[in-house]
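Heads up, the thing below is written out as structure tokens.
The values are calculated or read from the model by the stated rules, or taken from the named source; none is laboratory data. Keep in mind that what you see is a predicted model, and the values were worked out from it rather than measured. Because the Cβ atoms are built from the backbone with ideal geometry, glycine has one as well, and the counts that use them run over all protein chains shown.
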Amino acid sequence: MPVRPIVRLGHPALRTAAEALDPQRVHDDDVQALIDDLIDTMHDANGVGLAAPQIGIGLQLFIWRAITARTDPEAVPEAPVRTVINPMLEPLSGALVTDWEGCLSIPDLRGLVPRRPAVRLHGLDRRGEPMALTLEDYEARIVQHEYDHLNGIVFLDRMPDLRSLAFRDEWQAYLTVADDAPGPDPTVG
Ligand code: NI
């Protein structure tokens with residue numbers, strides 16, 4: 001399956017609301033191939049999530065790795081990849097949690113972003129079956145980041161204070177205590 005180019009900030013697809021996918025089309029070869037390509041592209045880029053607009057496709061669809069902790073790189077390679085189509089995100093109660101994020105469409109930058117600690121995600125899985133998941137911790141963050149991509153929102157828009165913005169190398173040197181082991185970077189999606 002081909003790895004597709006990831007579009008970067010400035011591409012209109014990142015600032016345009018994505019359209020719902022006709023549920024009748026979920027089983028079509030082109031839609032299944034799109035999901036496979038998103039997964040391959042995410043793996044190739046060492047990310048933990050990827051939304052269709054990030055490869056220039058304006059459909060409400062994203063994939064993510066089910067990891068629960070940014071600072072546990074051991075967990076990343078084991079984490080299953082999940083897919084959601086036409087998602088609805090329902091915030092659950094709890095104080096906002098601030099942690100680091102990056103974005104494959106905004107290479108090399110990291111910033112602190114407050115997010116809901118838990119969400120309920122509804123939608124269709126890649127077989128077209130209804131799904132409803134309660135997600136917490138870092139997985140909830142990843143899903144909020146990817147869901148934003150379907151609405152033309154990037155993590156920079158969610159930063160209350162741009163002074164935490166940092167390039168990756170400097171972030172690793174000065175700002176994070178996370179393991180910098182090779183492999184998927186749990187901050188980017
Ligand atoms: Ni992103």
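Observations on the structure shown:
- Any chance residue 57 is farther than 24 Å from residue 174 by Cα and outside any strand (DSSP E or B): yes
- When each of 147, 138 is tested for being aromatic (Phe, Trp, Tyr), modelled with pLDDT of 95 or more and within 16 Å of the ligand (Cβ to nearest atom), the lone residue that passes is 147.
- Applying a threshold of 7 Å to beta carbon distances and a minimum spacing of six or more residues, or different chains, the list of pairs starting in the range 53-68 at a residue that is closer than 15 Å to residue 14 by Cβ and ending at one that is within 13 Å of the ligand (Cβ to nearest atom) and of a type in the set (Asp, Glu) reads 62/146.
- Test: residue in the range 17-29 that is within 16 Å of the ligand (Cβ to nearest atom) and at positive phi: no
- In the condition set (1) in a loop (DSSP other than H, G, I, E, B); (2) free of Cβ contacts under 8 Å to residues at least 60 places away in the same chain, residue 30 is compliant with all but (1).
- Looking across the range 86-108, the residues that are within 16 Å of the ligand (Cβ to nearest atom) and assigned to a strand (DSSP E or B) come down to 87, 89, 99, 100, 101, 102, 103, 106, 107, 108.
- Every listed requirement among (1) surrounded by fewer than 13 Cβ atoms within 10 Å (Cβ to Cβ); (2) farther than 28 Å from residue 11 by Cβ; (3) in contact with a helix residue (DSSP H, G or I) (Cβ under 9 Å, 6 or more places away or on another chain); (4) not aromatic (Phe, Trp, Tyr) is met by residue 162 save one, (2).
Yes/no matrix, rows are residues, columns are (1) in contact with a Lys or Arg (Cβ under 6 Å, 6 or more places away or on another chain); (2) farther than 30 Å from residue 23 by Cβ:
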position: 62; (1), (2): no, no
position: 68; (1), (2): no, no
position: 83; (1), (2): yes, no
position: 88; (1), (2): no, no
position: 98; (1), (2): no, yes
position: 104; (1), (2): no, no
